[in-house]
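A short worksheet on the structure shown next.
Each value in this text was obtained by applying a stated rule to the coordinates, not by laboratory testing. Quick caveat: nothing in here was measured; it's all calculated off a predicted structure. Methodologically, a virtual Cβ is constructed for each residue, glycine included, from the backbone with ideal geometry; neighbour enumeration extends over all protein chains shown.
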Amino acid sequence: MKRWILMLSLIVLAGCASESEDASTPDETPVEEAAEQEQAPTEEAPSDEAPSETDEPLVIGANESVVEQLEAPWSIAQTDDGWLISERGGTIAVIDADGNLDRQSVILEEDVLEIGEGGLLGLALTTDFATSRQVYAYHTYGTPGDVRNRVVELTWDGDQFEETAVVLDEIPGAQFHNGGRLLLDGDVLWVTTGDALVPELAQDETSIAGKVLRVPLSGGGEPDDWIYSSGHRNPQGLTKIEDTLYASEHGASGHDEVNILEQGNNYGWPLIEANEKQEGLETPWFEVGETSWAPSGIAADDRYVYMATLRGNRLVAIDRETKEVTPLVEDRGRIRDVWLGDGELYFITNNTDGRGNPSNEDDQLYRLTIK
């Protein structure tokens with residue numbers, strides 16, 4: 001397998017840290033100097049208007065806590081018996097149907113590197129998880145001066161999770177912009193990768209950084225054969241409804257995006273963002289305007305895209321036809337991921353990651369009933 005190694009100096013990391021969507025001062029509007037130097041002429045300036053909002057009453061039940069005391073959770077996966085939730089420090093919270101929490105270790109060939117936004121990130125259960133007890137996981141590893149990411153298969157014995165196969169490694173990484181979302185779709189595993197704080201990699205056809213990958217679990221090909229779309233900055237949400245694939249993505253200074261992904265398309269970073277236009281590059285299906293929401297996990301049904309936001313401190317529903325936004329939750333702090341099933345939304349807060357204001361009960365998994 002072709003190896004993908006990215007060396008980033010501590011000077012670069014320090015200079016780029018404030019560009020992160022998880023920066024501690026949400027009102028900052030950082031500048032991407034490298035992106036400005038490479039900025040191509042555009043036909044249209046970005047829109048400064050925030051998306052329209054509606055008070056349409058979607059919610060028919062109060063949100064309630066399912067479990068407390070999660071530690072910087074990142075990804076939700078529902079099982080027949082409860083939940084698996086990844087925690088950035090390198091553990092998986094196993095939650096049963098009664099809300100009992102058992103924090104279990106993850107045994108890996110490469111230790112989890114919890115740095116910046118990196119750590120144990122996306123989870124996706126195998127289709128036969130009930131019998132195989134196998135789950136895919138995305139995690140950061142390496143050293144602070146040589147950050148990388150990998151996707152592995154884990155097998156659960158009831159007491160711990162242990163690596164049993166490597167799906168993909170040597171994904172370029174950094175203190176920030178590691179991507180990390182997984183989505184299983186039949187025999188295909190979708191993987192989002194960040195630009196690893198090197199914006200030009202998102203346009204580099206020889207790099208898997210700043211891409212959405214379509215990985216065939218049956219094997220075959222090299223990682224660059226698996227590139228489905230390019231020009232991504234830091235996509236952290238991915239969902240599929242029928243044949244439509246949505247991805248959420250962090251902008252440089254506001255202008256976070258939701259894109260509808262199609263094979264071979266280039267979504268513009270760092271050449272364009274927001275509603276700027278350039279031949280051969282795609283403008284987003286939805287963008288938030290000048291004030292960052294820092295979108296993370298998303299889910300969708302036949303009418304709405306549901307999106308967790310970190311800086312926005314909200315869970316919102318975006319109408320798939322009108323793109324109007326309905327706020328669903330606004331009083332739980334930072335929200336990292338959302339899961340949809342059986343007329344209920346489940347979401348996790350992310351207040352214990354060092355950037356929020358956690359209560360004594362945080363972080364938590366919540367249940368929200370919707371129409």
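Subtracting the Cα-Cα distance from 0.36 nm times the residue separation, let me have the gained length for Ala97 to Ser359 in nm, one decimal. Spell out each step's value before the answer.
Numbers: separation 262, 0.36 × 262 = 94.32 nm, distance 2.38 nm.
Between Ala97 and Ser359, full extension yields an extra 91.9 nm.
Determine by what factor the alpha-carbon radius of gyration of the stretch 173-226 differs from 2.2 N^0.38 Å, reporting the quotient. Write down the numbers at each step before the final one.
On the way: Rg = 11.5 Å, N = 54, 2.2 N^0.38 = 10.0 Å.
In units of the globular-protein estimate, the stretch 173-226 measures up at 1.15.
Which shape class applies to the stretch 286-371: rounded if a/c is under 1.5, otherwise prolate when a/b exceeds b/c and oblate if not, where a ≥ b ≥ c are the square roots of the Cα gyration tensor eigenvalues?
Details: a/c = 2.46, a/b = 1.31, b/c = 1.87.
Oblate, since a/c reaches 1.5 and b/c is not below a/b.
With label points built 7 Å along Cα→Cβ from the Cα atoms of Asp80 and Thr322, find their separation and express it in nm.
Once both label points are built, they end up 4.2 nm from each other.
Please list, short to long, the whole-number percent of alpha-carbon pairs of the stretch 50-369 in consecutive 20 angstrom bins beginning at zero.
Values per bin, smallest distances first: 35, 60, 4.
Indicate the gyration tensor shape class of the stretch 190-323 (rounded, prolate or oblate), computed on the Cα atoms with a ≥ b ≥ c the square roots of the eigenvalues: a/c under 1.5 is rounded; otherwise a/b larger than b/c is prolate and the rest oblate. Don't skip to the answer; put the middle values down first.
Values: a/c = 1.72, a/b = 1.27, b/c = 1.35.
The shape class here is oblate.
For the stretch 69-109 and the stretch 247-304, write down the distance between their C-alpha centroids in whole Å.
30 Å
Could I have the simple spin-label model distance between Glu290 and Glu242, label points 7 Å from Cα toward Cβ, reported in nm to one decimal?
3.8 nm
So how long is each side of the stretch 238-303 along the principal axes, counting just the alpha-carbon atoms, biggest first, in Å?
Here the spans come out as 30, 27, 15 Å, largest first.
Using the Karplus curve 6.51 cos²θ - 1.76 cosθ + 1.60 with θ = phi - 60°, work out ³J(HN,Hα) for each residue of the stretch 124-133 in order, rounded to whole Hz, and write x for Gly and Pro.
8, 6, 5, 5, 9, 3, 4, 10, 7, 6
Just subtract the alpha-carbon distance of Asp301 and Ile260 from 0.36 nm times their residue separation and send over the number in nm, one decimal. Before the final figure, lay out the partial values.
On the way: separation 41, 0.36 × 41 = 14.76 nm, distance 1.44 nm.
Working it through step by step, the gained length comes to 13.3 nm.
Give me, ordered by chain and number, the residues 5 or more places off Gly356 or on other chains with an amide H under 5 Å from its own placed amide H.
none
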